[in-house]
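Below: one structure, written as structure tokens.
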């Protein structure tokens with residue numbers, strides 16, 4: 001959306017993002033202790049299901065930041081008591097893509113192309129609508145905008161208060177505009193969205209331990225019948241998998 005706005009108009013786009021970088025749920029996780037290690041657990045791969053998205057992916061592929069994952073190996077881990085059996089999964093016709101070297105780079109590329117003004121590690125504390133303008137409070141500063149695009153339901157969900165200890169920003173707008181039926185209906189729908197915590201355990205192995213993991217001929221594994229685990233993502237050398245040889249990191 002940001003790229004489309006900047007391509008079709010003279011709009012100056014400002015992005016406020018709580019995370020340390022672009023990507024949101026699709027961002028990679030990096031180790032401060034080992035900068036060479038990056039784990040794309042959020043979106044290790046993705047599919048294309050619409051012509052509009054296909055056009056964008058083609059542009060990203062031409063720019064060298066995404067590519068088809070032609071040799072991806074899919075697996076299934078079947079857990080039974082203290083035993084685990086592994087098997088390959090065949091998915092004829094399935095075309096997966098991955099970021100080069102990770103999906104975060106593709107997100108950064110889009111923002112660079114859009115020339116958007118980006119503010120990371122920034123939380124919008126409050127927003128309001130006054131005299132036809134959006135006012136966003138970030139820290140001690142109030143910023144004015146003509147239009148507002150919210151890409152996360154959290155800004156209108158009760159989870160916001162659980163995390164930050166204050167009302168969601170969009171809820172404050174609804175309180176200022178009690179007669180806005182469209183906004184009230186929108187917030188009521190967002191409030192019904194349920195959340196379920198998901199934990200990601202990120203592990204890095206080297207040398208002999210890495211070699212042991214490298215024997216598993218899979219990249220993406222669906223785990224069944226396990227009380228905790230649901231998915232395994234095996235990343236070799238912090239980039240797209242290469243199963244030949246012994247990687248330094250896995």
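Of all residues being farther than 21 Å from residue 227 by Cβ and in a loop (DSSP other than H, G, I, E, B) in the range 200-215, which is modelled with the lowest pLDDT? Just the residue, please.
Keep residues of the range 200-215 that are farther than 21 Å from residue 227 by Cβ, which gives 204-215.
Among the residues that remain, those that are also in a loop (DSSP other than H, G, I, E, B) are: 204-205, 215.
Details: 204: 84, 205: 87, 215: 88.
Here the answer is 204.
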Unique residue being closer than 30 Å to residue 177 by Cα, touching a helix residue (DSSP H, G or I) at 6+ places or on another chain (Cβ under 8 Å) and surrounded by fewer than 18 Cβ atoms within 10 Å (Cβ to Cβ) when the list is 129, 134: 129
Test: residue in the range 57-70 that is modelled with pLDDT under 90, within 22 Å of the chain's Cα centre (by Cα) and closer than 16 Å to residue 21 by Cβ: no
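Kindly indicate which of 43, 77 is out of contact with any helix residue (DSSP H, G or I) (no Cβ under 9 Å at 6 or more places or on another chain) and either in contact (Cβ under 8 Å) with a residue 24 or more places away in the chain or surrounded by fewer than 16 Cβ atoms within 10 Å (Cβ to Cβ) (or both).
77
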When residues of the range 21-41 are limited to those that are part of a loop (DSSP other than H, G, I, E, B) and within 12 Å of the chain's Cα centre (by Cα), the one farthest from residue 99 (Cα to Cα): 21
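So for the range 87-97 (the condition being crowded, with 17+ Cβ neighbours inside 10 Å, assigned to a loop (DSSP other than H, G, I, E, B), in contact (Cβ under 8 Å) with a residue 60 or more places away in the chain and out of contact with any helix residue (DSSP H, G or I) (no Cβ under 9 Å at 6 or more places or on another chain)), does at least one residue qualify? Full working, then the answer.
Filtering the range 87-97 down to residues crowded, with 17+ Cβ neighbours inside 10 Å leaves 96-97.
Next cut, assigned to a loop (DSSP other than H, G, I, E, B) only: 96.
The next check asks that each one be in contact (Cβ under 8 Å) with a residue 60 or more places away in the chain; those that pass are none.
Checking the range 87-97: not a single residue is crowded, with 17+ Cβ neighbours inside 10 Å, assigned to a loop (DSSP other than H, G, I, E, B), in contact (Cβ under 8 Å) with a residue 60 or more places away in the chain and out of contact with any helix residue (DSSP H, G or I) (no Cβ under 9 Å at 6 or more places or on another chain).
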Filtered residue count, the range 218-237, keeping only those that are without any contact (Cβ under 8 Å) to a residue 40 or more places away in the chain and not in a loop (DSSP other than H, G, I, E, B): 2
Filter pass, residue 190 being farther than 30 Å from residue 100 by Cα, surrounded by 13 or more Cβ atoms within 10 Å (Cβ to Cβ) and in contact with a helix residue (DSSP H, G or I) (Cβ under 6 Å, 6 or more places away or on another chain): yes
Residue under evaluation residue 44, criteria (1) closer than 30 Å to residue 134 by Cβ; (2) in contact with a strand residue (DSSP E or B) (Cβ under 9 Å, 6 or more places away or on another chain); (3) assigned to a loop (DSSP other than H, G, I, E, B), criterion not met: (1)
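The values are calculated or read from the model by the stated rules, or taken from the named source; none is laboratory data. Everything numeric in this text was worked out from a predicted model, so none of it was measured. Here the Cβ is made from the backbone with ideal geometry for all residues, glycine too, and neighbour counts use every protein chain on show.
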